[in-house]
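K.L.:
Okay, handing you the structure first.
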There are 2 protein chains.
Amino acid sequence: MLTNVMDYRSKFSNSQLKALVFDAYGTLFDVHSVTSICDQLFPEHGAALSRVWRVKQLEYTWLRSLMGHYKDFWQVTESALVYACRDLNLPCRPAMCARLMDAYLHLEPYPEVRHALNALADYPLAILSNGSSRMLHSVVESAKLQGVFSLIISADEAKIYKPSPRVYDLVPRKMGLDKAAIGFVSSNYWDVAGARAYGFWTCWVNRANAPGDELGFTPDVIVNTLTELANVVKPLWI
Amino acid sequence: MLTNVMDYRSKFSNSQLKALVFDAYGTLFDVHSVTSICDQLFPEHGAALSRVWRVKQLEYTWLRSLMGHYKDFWQVTESALVYACRDLNLPCRPAMCARLMDAYLHLEPYPEVRHALNALADYPLAILSNGSSRMLHSVVESAKLQGVFSLIISADEAKIYKPSPRVYDLVPRKMGLDKAAIGFVSSNYWDVAGARAYGFWTCWVNRANAPGDELGFTPDVIVNTLTELANVVKPLWI
């Protein structure tokens, strides 16, 4: 199932890319960089709070999408935080909740992100994320990555979340490109599966050396960090 | 948010029920009754395998539904098992996988189920579950609950999973009832939220005394076990 970087060239020599689109949370920005502030507010519970918060955040995007009761990612993230605190029996007062939510606007990029994106500066780069427009612009600005992306696209424009094809469909529509010419990069396997099912060329960033999910769709290529990406995509460019 | 059994009468005196519909997995049947066979095959890993298997089973139903790539619950359950074994580094040979899958056809009902359903024998009872028709009939037969339910409805008829409203909509269509006259009972909070959003009267069976999810919809009533159900629904019946 897995394709390592060494043999992607022969397998994907037919792919011709015109733009590279990145997922944000978990791919460019480390959602667990909130752990330190979680630990400050709830000593020894930081890692657990960060973990349950993220699990429920994703779960709520899928459930609300399926129920047909969309709320934007800020509201979903806040609901997930409320649940996580209740689940772990942590008394989260409004001011603490506000500090934790604020941390989501200043997530740290993974260490290799800036250098890896610099190496891709010749290509049109974009973001496609579940995050609301305000959240995405804040986190990009906070990481000093303004100007790197020609477009920042939020699922909020489709009022549904990934992996609905309606979200991925925002990219070709807004960029005026055929979907087969779009390379999509995510650390979330289910996001890669959704993008592949939709019709993008896909790259899974598997930092944790985790097994891939069994969803019937596999990434075109797998890398361990974004640093490998420039070499991977170079021969695929039109 | 929560309504305990003591004050449901005043709050829900306007509800008039004509049928009671049960979720199957986690509500009538204990999905973690596979733990003992998991432990036989993989000593000391039974609980972890059962847990990851269930988490991924649910996740894959939501993801495949959102992706628009439905596979039936037997296939999703098998995919989740394959992932869980890989994640936990357990070598699951085909014969072992077959034994574990077979266990899903013979899940144990929760201890109070038979008695609680007997106390409701005067009312039309049905099942609405993600399970395929074959899986549901097997597990009902294995638990000797044939004849208890006037209808066993599978999400397979809608080719999408809960909490999509298209699944809940199978019930009024097949029973010829208005959705407001249907009481829906589930131990899965997200299932209750989906059913409530669709328009059913809902009861959450909170055996684990867990916090409810933050999905914008709350159950009409909460019980700790199905034993309490007969007293709860009696005054709501037409």
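K.L.:
Taking the Cβ-Cβ separation of residue B:32 and residue A:238 as r and a Förster radius of 41 Å, what is the calculated FRET efficiency to the nearest 0.05?
P.N.:
0.20
K.L.:
Efficiency by 1/(1 + (r/R0)^6): what FRET value for residue B:97 and residue B:51, r their Cβ-Cβ distance, R0 = 25 Å, to the nearest 0.05?
P.N.:
Efficiency computed from Cβ-Cβ geometry: 0.90.
K.L.:
So, one more: Could you compute the FRET efficiency for residue A:122 and residue A:169, with r as their C-beta to C-beta distance and R0 at 22 Å, rounded to 0.05?
P.N.:
The formula returns an efficiency of 0.25 here.
K.L.:
Given charges of +1 on the Cβ of Lys and Arg and -1 on the Cβ of Asp and Glu, with all other atoms neutral, how large is the dipole of chain A about its Cα centre, in debye to the nearest 20? All intermediate terms of the calculation are to be shown ahead of the outcome.
P.N.:
On the way: 23 positive and 23 negative charges, 83 e Å.
Here the size comes out at about 400 debye.
K.L.:
With Cβ to Cβ distances under 13 Å as the rule, what net charge do the other residues near residue B:212 carry (K, R +1; D, E -1)?
P.N.:
-2
K.L.:
Further, regarding this structure: Give me the distance in nm between label points sitting 7 Å out from Cα along the Cα-to-Cβ direction at residue B:181 and residue A:224, one decimal.
P.N.:
Once both label points are built, they end up 6.4 nm from each other.
K.L.:
Here's another thing I want to ask about it. Once you've got the Cα coordinates, tell me which of A:56/B:56; A:162/B:162; A:18/A:174; A:71/A:144; A:56/A:144; A:56/B:179 are over 24 Å apart. Kindly include the intermediate steps, with their values, before the conclusion.
P.N.:
Numbers: A:56/B:56 14 Å; A:162/B:162 17 Å; A:18/A:174 14 Å; A:71/A:144 28 Å; A:56/A:144 28 Å; A:56/B:179 29 Å.
Result: A:71/A:144; A:56/A:144; A:56/B:179 exceed 24 Å.
K.L.:
Which residues in the range B:103-128 have a backbone N closer than 13 Å to a point placed 7 Å from the Cα of residue B:151 along the Cα-to-Cβ line?
P.N.:
Counting only backbone N, you get B:124-128.
K.L.:
Using a label position 7 Å from Cα in the Cα→Cβ direction, what is the ascending list of nm distances from residue A:33 to the same site in the other copies?
P.N.:
4.9
K.L.:
Peptide A:164-170: average number of partner chain Cβ atoms within 10 Å per residue?
P.N.:
2
K.L.:
Dipole of the range B:31-103, Cα-centred, from +1 at each Lys and Arg C-beta and -1 at each Asp and Glu C-beta, to the nearest 20 debye?
P.N.:
140 debye
K.L.:
A follow-up question, please. More than 38 Å apart: what percent of Cα pairs in the protein assembly as shown qualify?
P.N.:
29 percent
K.L.:
Residue A:89 versus residue B:231, label points 7 Å from Cα toward the beta carbon: distance in nm?
P.N.:
Spacing of the two 7 Å Cα→Cβ label points: 2.7 nm.
K.L.:
Treating the angle as unsigned and between 0 and 90°, give the value, to the nearest 10°, between the Cα long axis of helix B:73-87 and the longest Cα principal axis of chain B.
P.N.:
Here the helix axis deviates by roughly 50 degrees.
Quick note: the coordinates plus some simple rules give every number you see, no bench work behind them. Since we're looking at a predicted model, the values are computed, not measured. Ideal geometry is used to build each Cβ from the backbone, glycine not excepted, and the neighbour counts take in all protein chains shown.
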